Amino acid sequence: MDLFAEQDLQQPARVERIGEQALVLRGFALPRVKELLAALDCVLLQSPLRQMHTPGGLAMSARLSSCGDLGWTTDRHGYRYSPLDPLSSRPWPAMPEAFLVLAEAAASAAGFSGFVPDACLINAYAPGAKMSLHQDKNERSCTAPIVSISLGLPAIFQFGGFERSDPTQRVSLFHGDIVVWGGVDRLRFHGVMPIKPGHHSLLGEQRINITLRQAG
Ligand code: SIN
Ligand code: FE2
């Protein structure tokens, strides 16, 4: 990567604080969207998006896939990280370099240096799909932040407290925005309201979220 590209990644258009250690980096992914989408296509050819079920047997409305050493999965046996894609029984696709570089840059812009994610969850939301309030707590350690990249249709992200019933902030997320939360905010409940119908020039009628974590 050349010097200018590196600088692009370190200068988000606008930063919004949603917690003591939680930031929205507006447009941070925009300079890298082409590479991200090419890498994403490659990942999804190997491990396609699929419907997963909660341990309670409910179908999730977003379709999911993963890449990296560990992939997050859910089925009747529970939520967990697995080194193998249950569809193929083979390892998940390798984490693309473009994901690693952008995640490290975003984490570091948000005050978390040395972020090396080993797990990347891909959520694809068609209009109407949502993600109920939850905590990310299947990771072995909570010292690393969560880096969450939004692409395609906009979403209303809910960012709450440490109890499911705590009030939530509603934050609009747009194509290219990255949310980073860690430290004292790492275990906050969060979710995504049902995606409104619409058309995005690059991604069509969907929102893609790429979440990077240090899970193992
Ligand atoms: C998640 O928490 O797994 C997804 C968040 C999002 O889609 O923005
Ligand atoms: Fe999450």
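The values are calculated or read from the model by the stated rules, or taken from the named source; none is laboratory data. Just so you know, these numbers come straight off a predicted model, no measurement behind them. Glycine also receives a Cβ, built like all others from the backbone with ideal geometry; neighbour counts cover every protein chain displayed.
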Of all residues in the stretch 187-197 being farther than 15 Å from Met60 by Cβ and either modelled with pLDDT under 95 or buried (at least 20 other Cβ atoms within 10 Å of the Cβ) (or both), which is farthest from ligand 2 (Cβ to nearest atom)? Arg188
Of the residues in the stretch 200-216, those that are within 15 Å of ligand 1 (Cβ to nearest atom) and charged (D, E, K, R) come to Arg207, Arg213
One residue is enough: does the stretch 151-164 have a residue meeting the conditions of a type in the set (A, V, I, L, M, F, W, C), surrounded by fewer than 19 Cβ atoms within 10 Å (Cβ to Cβ) and over 20 Å from Tyr81 (Cβ atoms)? yes
I'm told Gly78 meets every condition in (1) modelled with pLDDT of 95 or more; (2) over 18 Å from the mean Cα position of the chain (by Cα) except one. Can you identify the failing condition by its number? (1)
In the stretch 16-52, anything part of a helix (DSSP H, G or I) and small (Gly, Ala, Ser) is listed as Ala38, Ala39
Pairs please, first residue from the stretch 135-158 and on the phi > 0 side of the Ramachandran plot, second anywhere and near ligand 1 (Cβ under 10 Å from one of its atoms), Cβ atoms under 6 Å, 6+ apart in sequence or on different chains. Gly152/Arg207; Gly152/Ile208
Across the stretch 118-136, what is the number of residues that are of a type in the set (D, E, K, R) and within 12 Å of ligand 2 (Cβ to nearest atom)? 1
For residues in the stretch 137-151 being out of contact with any Lys or Arg (no Cβ under 7 Å at 6 or more places or on another chain) and among the β-branched types (Val, Ile, Thr), which is farthest from ligand 2 (Cβ to nearest atom)? Thr143
All but one of (1) touching a residue at least 40 places away in the same chain (Cβ under 8 Å); (2) closer than 23 Å to Leu44 by Cα; (3) of a type outside the set (A, V, I, L, M, F, W, C) hold for Arg90, so report the exception by its number. (1)
May I ask you to verify whether Val171 is crowded, with 23+ Cβ neighbours inside 10 Å, within 16 Å of ligand 2 (Cβ to nearest atom) and in contact (Cβ under 8 Å) with a residue 40 or more places away in the chain? no
